[in-house]
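Notes follow once the structure below has been shown.
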Amino acid sequence: MCGIFGYIGTNQHASTFILEGLKSLEYRGYDSWGIALQKDDGTVHITKHPGKIGDAKAPNVLSSLGIGHTRWATHGGISTENAHPHTDCTGEVVLVHNGIVENFALLKKELSLKGHLFKSETDSEVIAHFVEEMSKTSDDLDEIMKQTKQTIDGMNAVIILFPKKQLFYIIKNGSPIVIGKASDGYYIASDATAILPHTKEVYFLEDGESAKLTRDSLIILDAYGKEKEPAFISLPYDAQLASKGNYDYFMLKEIAEQPTILRAISQNAHAEVSKAAKLIKDAFGTYLIGCGTASYAALAGTYLFSKIAKRHVNNSIGSEFTYLVDFLTNKSLIIPLSQSGETIDTISAVDHAREKGAHILAITNSIGSTLYRKANDNILLNAGPEKAVASTKAYTAKIAYLYLIAHEINGTYKNGISNLNLAIDAIVQLLHEQDAIRKIVDDIKNQKHIFILGRGLSYPAALESALKIKEVSYVHAEGFAAGELKHGVLALVEKGTPIILFNPHDETYEDTLSAAYEVRARGGYVIGLAHDNHEAYDEYIHIPDCQDATVLPNVVVAQLMGYYLAIAKGFDPDKPRNLAKSVVVK
Ligand code: M6R
């Protein structure tokens, strides 16, 4: 959560770079934003605003050194005072922070007793005052930074600007931060895509590391304070992939990109798929873990491996896995699924598993991310930057990989590929026929509840679909195993309640149809997603038969429904209220 951006170099347009960087990072938090720019006379211009950046213009200040922040509130409400950057009492320490200073209350008390005056309710501001306090007795900034790093508890990334000295330091422990090296200086961001317009050469700071940057130098110190040579890597994608292009919103762009991404997986994934299949076959117990959408992909994996590979693969929500690790051994295989590779609940779960000696195969969409670096083996989804808070293309890419791995284990890889190709064609067709989905959305947009039902493989798809609808449209949507309907859910069905029914022609078909009749008998409005129409449906969306890969087009329908519901209700589907793209706090 929270996006931080910094620039130090020779170009006088830091103001524009930082504003554009923050816009790119805004998916990480959009409660408030702010920028600090060092002026030629050594003073600092700070601007802070509650709310989203929107069409705000860059501050009209020539500067070649500055930092910025877009906030997802943790400590303190949404206000100008709580927006970053924060300063010490003197204004000589200016910082932006991503993470939580877990011992901030104690530090704040101690610093207040020493006379420091706090202007915000944030945990972040204590860092500025702590640095100020240390500076009273020492002018060794390297040492002060070392002390600061050791003193603040929690998962944090901080850029601390010293305007008078024309330099800044970065401290990193937990929250991601990446340094880009360009011909006109250094760019720093929470996420590499924000740096892409300037350079592809990046270094991902490791936990415990810190950096000192001047206009023409970069010094990286390892966790023990020893200088180290940073190993820069070249990012494998272009800046335009991270832009909206002709689309109004990233969410629709990312939904539309799915056929291309899935086609690339269908054509190129075999080597990685067989590596993963071997790891699963050799492991004594495999766990798929993830949060939110990734947790539904993990659940889908359990169904896919059971049905296709005849193999039991466990799954767990990332935040719950900590309580399930007792029996892990060095023969266990953990497969964290994560678009960002930065979700703290998933990372913590992986840390626990690593302590037990388990092998980690990370399936992520972000090269250089924390999970990517912590894993023994990696599969990169190669879905390109996903900016909308609602995960779409990363979900279907994860499912495609899990689906192919299950087929590889079963010795039916070619069969998996042909079903995946059918699913891709079905998604292309759906994308061409969005009017039908828009019409249904128009019919149901004023309903308070939407239920999504499915059995077997369609059950995790129903859960994911409900998340997609609720998080962007704020309509209460719930996914259920269709068989659970009569065990309680039916009580919620009233006249007109929309029920989206995933009803592929597989072993679940007849039983799912019974659910349709049960709902209809109570006045529910059944929207059937199936290969053929049926009298039990009030509305019908044709989904071609893609065998076990039918879940892919089914979920795409829900993605589009969520998107159009958000638009119909006047909400920004890219930035749903209260949420952020990367959840890096517990
Ligand atoms: O980056 P990750 O895949 O680890 O993110 C996990 C969840 O935070 C994420 O899927 C979240 O649930 C999305 N908002 C769902 O659309």
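Just so you know, all these numbers are worked out from the coordinates, no wet-lab data involved. Nothing here was measured: the structure is a model prediction, and the numbers come from that model. Every residue, glycine as well, gets a Cβ built from its backbone with ideal geometry; the counts of neighbours run over all protein chains shown.
What order, most packed first, do the peptides 485-494, 176-185, 52-61, 292-301 have when packing is the mean number of other Cβ atoms within 10 Å of each residue?
292-301, 176-185, 485-494, 52-61
Could you give the spread of the C-alpha atoms of the range 433-574 along their three principal axes, from largest to smallest, in whole angstroms?
Reported extents, whole Å, longest axis first: 39, 33, 24.
Less than 18 Å apart at the alpha-carbon level, and either on another chain or at least 8 residues along: which aspartates and glutamates does that give for Lys165?
Hits, sequence-local ones excluded: Asp40, Asp41, Asp88, Glu92, Glu132, Glu133, Asp139, Asp140, Asp142, Glu143, Asp216.
Go ahead and run the numbers for FRET between His432 and Asp140, Cβ-Cβ distance against an R0 of 41 Å, rounding to 0.05.
0.05
Please sort 402-413, 385-396 by packing, taking for each peptide the average over its residues of neighbouring beta carbons within 10 angstrom, highest first.
Packing proxy ranking, top to bottom: 385-396, 402-413.
In the neighborhood of Ser319, defined by Cβ-to-Cβ distances under 15 Å, what is the net charge if each Lys or Arg adds +1 and each Asp or Glu adds -1?
Spelling it out: positives minus negatives among the neighbours equals -3.
Could you compute the net charge surrounding Ala515? Neighbours are other residues with a C-beta less than 12 Å from the C-beta of Ala515; K and R count +1, D and E count -1.
Result for the neighbourhood of Ala515: 0.
When Ser217, Ser332 are ordered from fewest to most other Cβ atoms inside 10 Å of their Cβ, what list results?
Ser217, Ser332
Let me make sure I get this right: for the range 3-241, a, b and c are the square roots of the gyration tensor eigenvalues over alpha carbons, sorted descending. Under 1.5 in a/c it's rounded, otherwise prolate if a/b > b/c, else oblate. Which is it?
rounded
Tell me, what is the percent relative contact order of the range 244-432, built from C-alpha pairs under 8 Å that lie six or more residues apart?
Here the relative contact order equals 27 percent.
Please state the charge dipole magnitude for the range 3-241, taken about the Cα centre, from unit charges on C-beta atoms (+1 on K and R, -1 on D and E), reported in debye and rounded to the nearest 20.
Magnitude of the dipole: close to 340 debye.
So, counting K/R as plus one and D/E as minus one, what does the shell of residues with Cβ under 12 Å around Ser138 add up to?
Combined, the nearby Lys, Arg, Asp and Glu give -4.
Fewest to most neighbouring Cβ within 10 Å: what's the order for Val555, Val273?
Val273, Val555
Between the alpha-carbon centers of the range 443-486 and the range 208-280, tell me the distance in whole angstrom.
Comparing the Cα centres of the range 443-486 and the range 208-280, I get a distance of 32 Å.
Based on alpha-carbon positions alone, could you give the equivalent ellipsoid semi-axes of the range 241-396 from the gyration tensor, as √(5λ), descending, whole Å?
Ellipsoid semi-axes (Å, largest first): 27, 17, 14.
Take the alpha-carbon centre of the range 1-34, take the same for the range 70-137, and report the distance between them in whole Å.
If we compute the Cα centre of each part, the gap is 20 Å.
Rounded, prolate or oblate: which fits the chain when a ≥ b ≥ c are the square roots of the eigenvalues of the alpha-carbon gyration tensor, with rounded for a/c under 1.5 and prolate only if a/b beats b/c?
It comes out prolate by the Cα gyration axes.
Measure up Lys39/Lys586; Lys200/Lys414; Lys244/Lys439; Lys23/Lys212 against 27 Å on the Cα-Cα distance and list the ones that go over.
Violating the 27 Å Cα-Cα cut-off are Lys39/Lys586; Lys200/Lys414.
May I ask you to sort His505, His86, His359 by Cβ crowding, counting other Cβ atoms within 10 Å and putting the fewest first?
His505, His359, His86
Taking every DSSP beta bridge with both residues inside the chain, roughly what % is antiparallel (nearest 5)?
Within the chain, antiparallel bridges account for around 60 percent of the total.
Taking the Cα centre of the chain as origin, work out the dipole magnitude from +1 charges on Lys and Arg Cβ and -1 charges on Asp and Glu Cβ, in debye rounded to 20.
Roughly 120 debye, rounded to the nearest 20.
Using the charge dipole of the chain (Lys, Arg: +1 at Cβ; Asp, Glu: -1 at Cβ; taken about the Cα centre), state which of Asn421, Ile500, His69 has its Cα farthest towards the positive end.
The residue sitting farthest along the positive end of the dipole is His69.
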